[in-house]
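Here, each number is a calculation from the coordinates, and none is a lab measurement. Note that this is a predicted model, so its numbers are computed, not measured. Cβ placement follows ideal geometry from the backbone for every residue including glycine, while neighbour counts extend to all protein chains displayed.
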Amino acid sequence: MSRSPAALLAALVLLAGGCSAPEAPRTEAPRAEPAAPTSGAAPTPDAGPSLSERPATSPTRARGPLPPVRHRPSLPALMRQRPDSGRPRITTTEYATDRYTRHQVLYRSGDIDVSGVLIRPRGRGPFPAVVLNHGYIEPSVYQPGQGLAREQDALARAGFVVLHTDYRGHAASDPAGEAERSARIGYAADAINAVAALRALPYVDDDRLAMLGRSMGGGVTMNALVAQPGLVDAAVIYASVSSEIVENIEHFTDPGEGKPLYERFGRPRQRPGFYRQLSPRTYFDRITEPVLVHHGRLDDTCPPRWARQTQRLMRREGVDSRLVWYAGEGHTFDARWRQSMDRTIGFLRRELGRG
């Protein structure tokens, strides 16, 4: 079955798995990734430690000069875009529980409106807050707040304000351009501006902010971290896509469908600099936040080798990154999701402070 050019361009981000599986009881503790070596393969050229372990170098580093913008879209271009949003506008109050109230909202991401779900715990605050970046779900069937329902509930019950971004082109958001979707740069801008929107809320403690992404949202989170160091205070990544965009293209694009994409952007061997400027691993030296990474050893959507390589390259650049493996878990996390979420909440409380 043939696809439209727009669908082919969107194939760059056909990164499966935004849907959540039912919550299950905790099981035994996960095994942690052994500490990464301090040397190894460099990021694509241009033409796991346990939770108690820390990198040898401090994650707090000078950012240095911004890399030049050689291509658009690109991460260096995103680095030059200041977060631009205001207070989220409530469009619908969905429901209230004994612990929180859940709203549908719109917030500004530059010059467009992006929809999302905002969850406020009961009480006056100020509360710590988390932006959630969901995995790939076909935009034509996506529903507001879809993909991270378990995480929304768990974080709100733990006392965090949650803003789950739908991204541009999803739900009630303004449309997304083809280049913005295909390179995921637009989605990263929406995640960055979601943090700015949280800062505008009087009941949010803007000194205690975090970001969490799964699958494609893990790549969105990495893009946000390298583009805006210091934007948040901690980040969590579940079952992430590769930090090298060409690996994602080759893995998630059906055979024979890469040609139209490469005809527009050029092939990696012809324009390596273009793809390098779209890959967060190129700029891991800019990350200043602690990062907790969860990955299942049986993940057949986002191969474990991606998490291992991303961890090694982050550690090489001095990032306080911790990769935790989950034996028996695939891409969506089933029996051990509750355990991973307890670990996530503990990590965020330690890194953000209890206030």
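In this simple spin-label approximation, V69 and A327 carry label points 7 Å from Cα along the Cα→Cβ vector, and these lie 5.0 nm apart.
Computed over the stretch 75-177, the alpha-carbon pair-distance distribution with 5 angstrom bins reads 2, 13, 22, 24, 19, 12, 6, 2, 0, each value a whole percent. Note on the stretch 287-355: the C-alpha convex hull projects to 5.0 nm² when averaged across all orientations.
Here r is the Cβ-Cβ distance between R124 and D334 and R0 is 41 Å; the resulting FRET efficiency, rounded to 0.05, is 0.65.
Full extension of the chain segment joining E138 with D342 gains 70.5 nm, where the gain is 0.36 nm per residue of separation less the Cα-Cα distance. Normalised by residue number, the volume inside the convex hull of the Cα atoms of the stretch 207-333 is 104 Å³ per residue.
Label separation (T101 vs R80): 4.3 nm, computed from points 7 Å beyond Cα along the C-beta direction.
In square nanometres, what is one fourth of the surface area of the convex hull spanned by the alpha carbons of the stretch 151-245?
6.5
Here the label points at Y262 and T93, each 7 Å from Cα along the C-beta direction, are separated by 5.5 nm in the simple model.
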